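Written out below as structure tokens is the structure these notes cover.
The values are calculated or read from the model by the stated rules, or taken from the named source; none is laboratory data. What you are looking at is a predicted structure, and each value in this text was computed from that prediction instead of being measured. Please note: Cβ atoms are built from the backbone with ideal geometry, for glycine as well, and neighbour counts cover all protein chains shown. What goes into the accessible areas is simple: the full protein's heavy atoms, side chains included, and nothing from ligands, DNA or RNA. Shrake-Rupley method; radii C 1.70, N 1.55, O 1.52, S 1.80 Å.
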Amino acid sequence: MKRDVDYTWRLAELMAAHGMHNSTDLIPRLAERGIQLSRPQVYRIVHQRPERVSLQLLAALCDILGCGVEDLVTVTATDARKKKAASSTTAPPNVVELNKSVRPRRARIITDGND
């Protein structure tokens, strides 16, 4: 069965729990561990969900925050649902079903004689 896998990046939460409220608080701590990142790079790592992170950076973040990888990244996996087969009684997706009990009324135009 196909599975949908997703993750939550929790670096900002863990930083706040450790009293680090600015992303720049990480720069000197990462430098102590041999990782040189610019201010915009650190901001993106803290406030955006990264697609790729080096294991060295991940290990340094875990060391700084005193946590494990499972605390930094929360993984969720769910079973993907199969699409139902289209039955012959349903209309194709590009056809709009009209309510046949409601019919338009003919408009009556009344002139007030000032034409």
Q. Just one of V102, V53 is surrounded by 14 or more Cβ atoms within 10 Å (Cβ to Cβ) and at pLDDT below 95; which is it?
A. V53
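What about A77, is it open to solvent by less than 60 Å² (accessible area, probe 1.4 Å), out of contact with any helix residue (DSSP H, G or I) (no Cβ under 6 Å at 6 or more places or on another chain) and assigned to a helix (DSSP H, G or I)? Steps first, answer last, please.
Details: open to solvent by less than 60 Å² (accessible area, probe 1.4 Å): yes; out of contact with any helix residue (DSSP H, G or I) (no Cβ under 6 Å at 6 or more places or on another chain): yes; assigned to a helix (DSSP H, G or I): no.
For A77, the condition - open to solvent by less than 60 Å² (accessible area, probe 1.4 Å), out of contact with any helix residue (DSSP H, G or I) (no Cβ under 6 Å at 6 or more places or on another chain) and assigned to a helix (DSSP H, G or I) - is not met.
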(Q) Quick check on my filter: what residues within the stretch 65-74 are surrounded by 14 or more Cβ atoms within 10 Å (Cβ to Cβ) and part of a loop (DSSP other than H, G, I, E, B)? (A) C67
Q) Considering the stretch 28-64 alone, what residues qualify as being basic (K, R) and not in a loop (DSSP other than H, G, I, E, B)? A) R29, R39, R44
